[in-house]
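The values are calculated or read from the model by the stated rules, or taken from the named source; none is laboratory data. Model, not experiment: these values are computed from the prediction. Note that each Cβ is placed from the backbone with ideal geometry, even for glycine, and that neighbours are counted across all protein chains shown. Accessible surface areas use protein heavy atoms only, side chains included; no ligands, DNA or RNA. Shrake-Rupley method; radii C 1.70, N 1.55, O 1.52, S 1.80 Å.
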Amino acid sequence: MTSEHVRQPLIAVSACLLGQPVRYDGASKPDPYVLSVLAKSARLIAICPEMAIGLGVPRAKIEIVQTHDRRRVLGVDNRALDVTAALRECARQFLRDNPRLSGLVLKSASPSCGTNDTPVFDLAGNEIGHGSGGFAQTIMALRPDLPVIDENALAGRARSFLEKCRCHCA
Ligand code: SF4
């Protein structure tokens, strides 16, 4: 590893944006900007929270659900599948495992990775608003200082995002 490499920010990226086949149906969502531009300016590490909590591929779809007292991440077809706590613990462990993390690029509209634009449903399945995914919400709550952005916003704000990430470099 070169000294230049060491100085680059360490940025976690949703694994599907890096082209890994980890989506619920085994597909990926490679993001050209992340792969071509960001990869030259930062050290990238992949994280798929849903794989990390053992859901595997293929897996049942999950979504954010507003229950009586709080938001949870539940199965679309099986409301008994509740991965809220698992995603929260995954985020805690990820921060413990990566104390030198500089920032995150997370997949938009995901019930795990989305940052404020993920659809929220009521128990009957009606869309009632938007929020953050279970993993992303915990990361942002525990480390509000860390820059977090989704792939849609990244292309237009890459320069300022990278500057913020460099502030977290050791
Ligand atoms: S959006 Fe997040 S949880 Fe979903 S496949 Fe991509 S990395 Fe995994």
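Observations
- Beta bridges per DSSP, both residues in the chain: antiparallel share near 40 percent.
- Additional length obtainable on full extension of the chain from residue 68 to residue 127, 0.36 nm per residue less Cα span: 19.7 nm
- Label-point separation in nm, residue 153 to residue 81, each point 7 Å along Cα→Cβ: 2.9
- Computed about its Cα centre, the charge dipole of region 84-125 is approximately 240 debye, with only Lys, Arg, Asp and Glu carrying charge at their Cβ.
- Relative frequency of Cα-Cα separations exceeding 13 Å in region 65-124, percent: 69
- Stokes-Einstein D in µm²/s, Kirkwood radius over Cα pairs - region 40-167 at 20 °C with 1.002 mPa s viscosity: 141
- Computed from Cα positions, the angle between helix 84-97 and the longest principal axis of the chain comes to roughly 10 degrees.
- Stretched out straight at 0.36 nm per residue, the stretch from residue 28 to residue 57 would grow longer than its current Cα-Cα span by 9.3 nm.
- Based on alpha carbons, the Rg and Dmax found for region 1-101 are 16.1, 53 Å.
- Rounded percent of accessible protein surface that carbon and sulfur make up, the chain, 1.4 Å probe: 51
- Relative to the Cα centre, the charge distribution of the chain, modelled as +1 at Lys and Arg Cβ and -1 at Asp and Glu Cβ, gives a dipole magnitude of about 540 debye.
- Summarising the amide proton neighbourhood of residue 46: residues at separation of 5 or more, or on other chains, whose placed amide H is nearer than 5 Å comprise 13.
- Gain upon complete extension [residue 37, residue 89; 0.36 nm per residue less C-alpha separation]: 15.6 nm
- Charge dipole of the chain about the Cα centre (unit charges at C-beta), most positive-ward option of 121, 68, 162: 162
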